[in-house]
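Comments concern the structure below.
Just so you know, all these numbers are worked out from the coordinates, no wet-lab data involved. Since the model is a prediction, treat every value here as computed from it, not as a measurement. Cβ atoms come from the backbone with ideal geometry, glycine included; neighbour counts cover every protein chain shown.
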């Protein structure tokens, strides 16, 4: 494809801006870590309380040498991904019902609003009684935290479809299923990925919250255990690992969005 001189210059400028943005992001991170390390080394802050990047790195290496790192990371990752997948699947089904039936939507909306406002941690004792103290309780907590967010964002995206286009398809005798697959789903793609990005964060919140309550393994468990025995390096290491995993999961969703947006 032949591009004009102006288009070529614009694309080059866009690339330079993208590279500069990434470089500044990395630079800011390195600067903050450097200040943190220096402040701990010079005792500007108490390293026992705040830890430091080098101490966090050593603690993470110790976890890896002991064989505990993959075990705890794998436990939290499995619980989070399972809860995320279930929440998204159930969210799609409920949002589809809300779009498909006005009657169902009028009945369900008040309950969804109340459930969204309910602090999920209040259900913790019930979840423990229902599911015990294993991974099932943590997965259920993850689903409860993420589900309403998924339903409300998807339903809003489906219902925001251009009414004029729907009327046009109806005038051409399109069925509701045809309208759904030919119009509603494609036009709701931005809302779908917005929901997925929100659910990434909510899923991690739910899994760690569940691990705070009942887990005997996982990064949430390491945070609780480290706080109880004042191993704050362990607390910070687990927290940094959570940030990295959540960031990677978010980046994968963003990459999938770019691929599908180009295709559609």
**Request:** Work out, step by step, the length gained on full extension between residue 19 and residue 102: first 0.36 nm times the residue separation, then minus their alpha carbon distance; give nm to one decimal.
**Result:** 25.1 nm
**Complete:** Applying the gyration tensor rule to the Cα atoms of the stretch 1-45 (axes a ≥ b ≥ c; rounded if a/c under 1.5, else prolate if a/b exceeds b/c, else oblate), the class is prolate
**Message:** Using only DSSP helix segments of four residues or longer, with each worth -39500 (n - 2.57), what per-residue ellipticity at 222 nm results for the chain after dividing by its residue count and rounding to 500?
**Reply:** -28000 deg cm²/dmol
**Prompt:** Between 82, 18, 133, which gets the highest mean-square fluctuation from a Gaussian network model of the chain, Cα cutoff 10 Å?
**Reply:** 18
**Asked** Given a cut-off of under 8 Å on Cα pairs at least six residues apart, what relative contact order in percent is computed for the stretch 52-263?
**Response** 29
**Prompt:** Which order results if 261, 149 are arranged by neighbouring Cβ count within 10 Å, fewest first?
**Reply:** 261, 149
**Complete:** For the chain, the longest principal axis of the Cα atoms and the Cα long axis of helix 232-263 enclose an angle in degrees, to the nearest 10, of 30
**Complete:** By Cβ neighbour count within 10 Å, fewest first, 59, 199 rank 59, 199
**Request:** Only Cα pairs under 8 Å and at least 6 apart count here; give the relative contact order of the stretch 154-239 as a rounded whole percent.
**Result:** 20
**Prompt:** What length, rounded to one decimal in nm, is gained on full extension from residue 42 through to residue 113, with 0.36 nm per residue of separation minus their alpha-carbon distance?
**Reply:** 20.4 nm
**Message:** Among 179, 26, 107, which one shows the highest mean-square fluctuation when the chain is modelled as a Gaussian network with alpha-carbon springs under 10 Å?
**Reply:** 26
**Message:** Tell me the Kirkwood radius of the chain: reciprocal of the mean inverse pair distance over distinct alpha-carbon atoms, in Å.
**Reply:** 21.7
**Prompt:** If you rank 61, 131 by fewest surrounding Cβ atoms within 10 Å, what's the result?
**Reply:** 61, 131
**Complete:** Here D for the stretch 150-264, in µm²/s, from Stokes-Einstein with a Kirkwood Rh over Cα pairs at 25 °C and 0.890 mPa s, works out to 144
